[in-house]
Structure formats: C-alpha cells, structure tokens
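Everything on this sheet refers to the single structure shown next.
The values are calculated or read from the model by the stated rules, or taken from the named source; none is laboratory data. Just so it is clear, the model here is predicted, and its values are computed rather than measured. Here the Cβ positions follow ideal geometry from the backbone for every residue, glycine too, while neighbour counts run over all protein chains shown. Side chains are part of the model used for accessible areas, which takes the heavy atoms of the whole protein and leaves out ligands, DNA and RNA. Shrake-Rupley method; radii C 1.70, N 1.55, O 1.52, S 1.80 Å.
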Amino acid sequence: GYEYNFSKFMERFSVCFDGKSPTHVSILSGANDFTYGCTPEEVREWIEDDLEPMIRSIHAYDPEIRIMIAACQLGADQDAFGSSFGAWISSRQYNDSMRTMLKEVLRYYDNDEHKKESIYVVPIYAMLDTENGFSTVTEQIDSYSEETVERQTDALHPDAAGMNQVGDAFLGILELTR
C-alpha cells in the first residue's frame, strides 16, 4: 500500500508555492492505470480506493482548492501504437479502455454535488484532435516506391498543437472557477 498525503507534498515542495496554498490541483488519470483494459467495476474500485483518498487528502489540506480531474484523452492511430508499444497493445484496446474509464469518471464526478465540492472533470478527451494532435513523420510507403505517407509516431503524448488543445480544456475549467 501507499499513503497519499497532500500535506507532506506541500511541505516538500513549499518553495514552489511561496508559502501559499495552490488554488487548483490537477490530477491526470487513466493512461497508466488502465492502459491494457478495464471494466466499469475496476474503474469504480479505482475511484474509491485511489482517486477519492487523493481528493480527500487535498481537501483536508485546504478545502478551498479546486480539483481538476483530467480524464485521459484517447490515443493516436494504430501506426503510433505499433511504433510506441509493438504488439503489446492496440489503439483500439487502449481507446476502448479510456472510454470505459471516462464514462465512469463522468458518471461519478460530473454532477452538481461534486462541483459544489470544487471537483471538476477537465474535458481533454473532447478537446484533443487525435487525428492532428500527435507528432508525425513522413516516410516512403515501401522501399520500392517514391510515394510517401504521413504516419503518427507517439501513441499517447500530444505534439505542440495537441498540447495547446489540452491547454484549452484546462483553461475552460480555470475560467469557470476563478
């Protein structure tokens, strides 16, 4: 087991906050937790056993902190997954898992009760263009052809344009909660 203790975190990194409490804390969730698949029951268990204790610890430190749960975005295309992971996982498997996780996070947190507790879901899944938000490389179709194709190269990490799209999702919540 482990202990999530936001007070210890703030003590360790206090120099970064100049003696003040942060106004917002973002939690990026999903990719490392459910890369290889999940059921709705597993996501609900993860919310209760991992995410909720983290949120309670943050609010125990300062109940005014606004918490932004950034439910993970969908990944790039199969070329990128093959390049990033080989045969370990497919784009479809990962994206199905993220959709399952996202549905449960939205079902649990995206409501008036949690908004009153200053808990918000950041819609990066809706903002990131998975077709144009990831890095690409131009390559020959094969060694015999001069024809080229543009191929995505990173399955999970957006490029600069994609990060700007993710930033827009965070900005929406920041503007809403100022």
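Of note:
- Mean separation of Cα contacts under 8 Å, 6 or more apart, over the residue count of the chain: relative contact order %: 24
- Across all Cα atoms of the range 35-117, the radius of gyration (one decimal) and Dmax (whole number) stand at 15.4, 45 Å.
- Principal semi-axes in Å for the range 65-156 [√(5λ), Cα gyration tensor, largest first]: 36, 13, 8
- As a rough guide to protection, the peptides 76-85, 139-148 ranked by mean Cβ packing within 10 Å, highest first, stand as 76-85, 139-148.
- Mean sequence separation of contacting Cα pairs (under 8 Å, at least six apart), scaled by the length of the range 48-142, corresponds to a relative contact order of 38 percent.
- Summarising the amide proton neighbourhood of residue 119: residues at separation of 5 or more, or on other chains, whose placed amide H is nearer than 5 Å comprise 67.
- Percent breakdown of C-alpha pair distances by 10 Å bin, ordered from the shortest bin, for the chain: 9, 31, 32, 19, 6, 3, 0
- Shape call, the range 110-160: gyration tensor on alpha carbons, a/c limit 1.5: prolate
- Extending 7 Å from Cα along the Cβ direction at residue 157 and again at residue 142 yields two label points whose distance is 3.3 nm.
- Amide H to amide H, with H built 1.01 Å from N, residue 24 comes under 5 Å of 66, counting only residues 5 or more places away or on other chains.
- Charge dipole magnitude, Cβ of K and R +1, D and E -1 - the chain, Cα centre, debye nearest 20: 680
- Cβ-based charge dipole, the chain, positive-most Cα from 37, 141, 68: 68
- The orientation-averaged projection of the convex hull spanning the C-alpha atoms of the range 96-138 amounts to 4.0 square nanometres.
- For the chain, carbon and sulfur atoms together expose 49% of the accessible surface, with a 1.4 angstrom probe and every protein chain in place.
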